[in-house]
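Here is the structure we will look at.
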Amino acid sequence: MVVLFLADGFEEIEALLPLDLLRRAGVRTVTVGLGVREVRGAHGITVLADTDRVPDGDIDMVILPGGMPGAANLDASDMVTDTLARVSARGGYLAAICAAPMVLGHKGYLKGKRAICFPGFEGELIGADVQNDAFVVRDGNVITAKGMGVALDFGLALVAALKDDATATALRAAVMAPSV
């Protein structure tokens with residue numbers, strides 16, 4: 001199972017596009033609001049999360065969308081902190097996009113890892129080897145991405161990590177419109 005956290009102020013595209021791709025790939029993905037089910041995005045779009053608490057069971061990946069103040073709300077959440085620790089301890093994936101890699105940096109998950117974030121948040125990636133020229137970076141069990149403009153590539157990287165490259169490639173082809 002994959003847990004995708006939603007906090008007030010999240011960047012809608014960074015959450016919903018990867019969510020859509022994972023579900024299309026057949027990956028059980030649960031959206032979790034931080035104690036609430038109705039979560040308002042950074043651009044005023046309200047989303048109904050699947051649940052307001054982390055489901056029981058094995059979690060293979062945690063996804064943190066960016067946006068502000070969404071990423072800061074994730075960073076301050078004990079639910080997020082506890083889930084990251086639980087998933088990391090069992091070798092699961094930690095994924096974050098835009099400003100949200102700062103959460104991984106603040107909690108020590110980027111030490112010695114290559115990572116990327118939205119420009120201006122590099123100083124928050126504590127211990128990381130910041131890859132300023134990259135858009136999506138996978139280093140072991142950590143996957144980070146630069147921002148909303150690469151949400152498709154981020155989502156496909158998540159699919160590749162959980163399934164395989166062939167599934168991600170087929171999914172990319174399926175969602176891309178033919179040229180006119």
Rounded accessible area of residue 118 (nearest 10 Å², 1.4 Å probe)
100
Post the alpha-carbon centroid distance, the stretch 1-50 to the stretch 68-102, in whole angstrom.
14
With x for Gly and Pro, the residue-by-residue ³J(HN,Hα) of the stretch 79-93, computed from phi through the Karplus equation 6.51 cos²θ - 1.76 cosθ + 1.60 at θ = phi - 60° and given in whole Hz, is 4, 5, 4, 5, 5, 4, 5, 4, 6, 4, 4, 9, x, x, 7
Once you have a ≥ b ≥ c as the square roots of the Cα gyration tensor eigenvalues for the stretch 128-180, tell me rounded if a/c is under 1.5, and otherwise prolate or oblate according to whether a/b is larger than b/c.
oblate
If you build a Gaussian network model of the chain, linking Cα atoms that sit under 10 Å apart, which residue out of 22, 48, 74 swings the most?
48
Reviewing [x] 15.0, 45; [y] 21.6, 70; [z] 14.9, 49, the figure for Rg and Dmax of the Cα atoms in Å actually calculated from this model sits under [z]
For the chain, modelled as a Gaussian network with Cα springs under 10 Å, which listed residue fluctuates most, 135, 154, 121?
121
Residue 67 long-range amide H proximity, modeled H, under 5 Å:
11, 99, 100
Regression test value, accessible area per residue of the stretch 42-180, probe 1.4 Å, units Å², expected 46
Gyration tensor on Cα atoms of the stretch 69-125, a ≥ b ≥ c root eigenvalues, a/c under 1.5 rounded, else prolate if a/b beats b/c, else oblate, says oblate
Measure off, as a whole percent, the carbon and sulfur share of the 1.4 Å-probe accessible area of the chain, all protein chains present.
51
Under 5 Å between amide hydrogens, which residues at least 5 positions from residue 114 or on another chain qualify, with H placed 1.01 Å from N in the peptide plane?
129
Quick query: amide H of residue 4 versus all other amide H atoms, modeled in the peptide plane; which residues come in under 5 Å with a sequence gap of 5 or more or a different chain?
30, 31, 32, 63
So what are the ³J(HN,Hα) numbers for the stretch 50-56, from phi and the Karplus equation (6.51, -1.76, 1.60; θ = phi - 60°), rounded to whole Hz, Gly and Pro as x?
4, 7, 10, 8, 6, x, 5
Could you work out [θ]222 nm for the chain from helices alone, using -39500 (n - 2.57) per DSSP H run of at least four and dividing by all its residues? Round to the nearest 500 deg cm²/dmol.
-10000 deg cm²/dmol
How much accessible surface area, in Å² rounded to 10, belongs to the heavy atoms of residue 109 with a 1.4 Å probe?
50
Point-charge dipole on Cβ atoms (K/R +1, D/E -1) for the stretch 1-121, about Cα centre, debye to 20
440
Could you tell me the accessible area of residue 169 in Å² (1.4 Å probe, neighbours in place), rounded to the nearest ten?
90
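The values are calculated or read from the model by the stated rules, or taken from the named source; none is laboratory data. Bear in mind that the values here come from a model prediction, so they are computed numbers and not experimental data. With ideal geometry, Cβ positions are generated from the backbone for all residues, glycine too; neighbour counts draw on all protein chains shown. For accessibility, only protein heavy atoms count, side chains too; no ligands or nucleic acids. Shrake-Rupley method; radii C 1.70, N 1.55, O 1.52, S 1.80 Å.
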